[in-house]
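Have a look at the structure below before the remarks.
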Amino acid sequence: MAWESNDGILLVEDNPNDEELTIHALKRHNITNPIHVARDGVEALDFIFGTDAGPGHSGSLAPRVILLDLKLPLIDGLEVLRRLKTDERTQSIPVVVMTSSAEDSDLAESYKLGANSYIVKPVDFAQFSESIRQVGMYWTLLNRPRNA
């Protein structure tokens with residue numbers, strides 16, 4: 001299977017409001033990378049491992065960064081993270097956990113599984129927007145990805 005890298009952002013988010021706010025904040029701050037949205041863990045894994053990558057796609061996709069919610073239907077975010085970080089093909093893709101959970105157990109397990117960052121979503125829109133700006137700027141512009 002061919003492995004195809006791209007500059008896209010995979011947003012894994014089941015809450016339509018958080019999805020809309022995240023996309024709006026990225027665009028508002030001129031982060032123009034393509035954004036693909038997966039609304040549950042199954043969609044995320046299908047996108048990454050090639051079964052739902054879209055027309056003209058020849059294999060699996062390695063987005064520039066994955067913004068991953070933990071509380072997802074079907075397959076939860078921790079299991080998505082586990083599968084990504086235990087597969088040699090995907091373990092170097094940066095995964096930023098963005099969740100409403102401030103639970104120490106979620107934080108510890110996320111880092112144990114290989115998360116690159118853990119951010120508790122602020123409730124305030126301005127703080128949320130600023131968090132997304134910083135995440136987007138760092139992972140799409142400043143961070144140098146490992147060459148495949």
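The values are calculated or read from the model by the stated rules, or taken from the named source; none is laboratory data. Note that the coordinates shown come from a computational prediction; the quantities given were computed from them, not determined experimentally. Virtual Cβ from ideal backbone geometry, glycine too; neighbours counted across all protein chains shown.
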*Give the number of residues within segment 116-139 that are closer than 13 Å to SER100 by Cβ, among the hydrophobic types (A, V, I, L, M, F, W, C) and surrounded by 14 or more Cβ atoms within 10 Å (Cβ to Cβ).*
3
_Condition check: among the polar types (S, T, N, Q) and at pLDDT 90 or above. Does THR51 satisfy that?_
no
*asked:* Against the definition (farther than 14 Å from GLU19 by Cα and at pLDDT below 90), how does ALA108 come out, yes or no?
replied: no
*Hey, could you check segment 98-136 for residues that are among the aromatic types (Phe, Trp, Tyr) and in a helix (DSSP H, G or I) and say which is farthest from the chain's Cα centre (by Cα)?*
PHE125
*Could you grab the pairs with beta carbons closer than 9 Å, sequence gap of 6+ or different chains, first residue in segment 36-62 and under 19 Å from PRO73 (Cα atoms), second one among the hydrophobic types (A, V, I, L, M, F, W, C) and at pLDDT below 80?*
HIS36/ALA53; HIS36/LEU61; ASP46/ALA53; PHE47/ALA53; PHE47/LEU61; ILE48/LEU61; PHE49/MET1; PHE49/LEU61
*Under the condition of being in contact (Cβ under 8 Å) with a residue 40 or more places away in the chain and surrounded by fewer than 20 Cβ atoms within 10 Å (Cβ to Cβ), which residue from segment 72-91 is nearest to ASP14 (Cα to Cα)?*
PRO73
*Residue that is nearest to LEU113 (Cα to Cα) [pool: residues in segment 78-101 that are among the charged types (D, E, K, R) and modelled with pLDDT under 95]*: ASP87
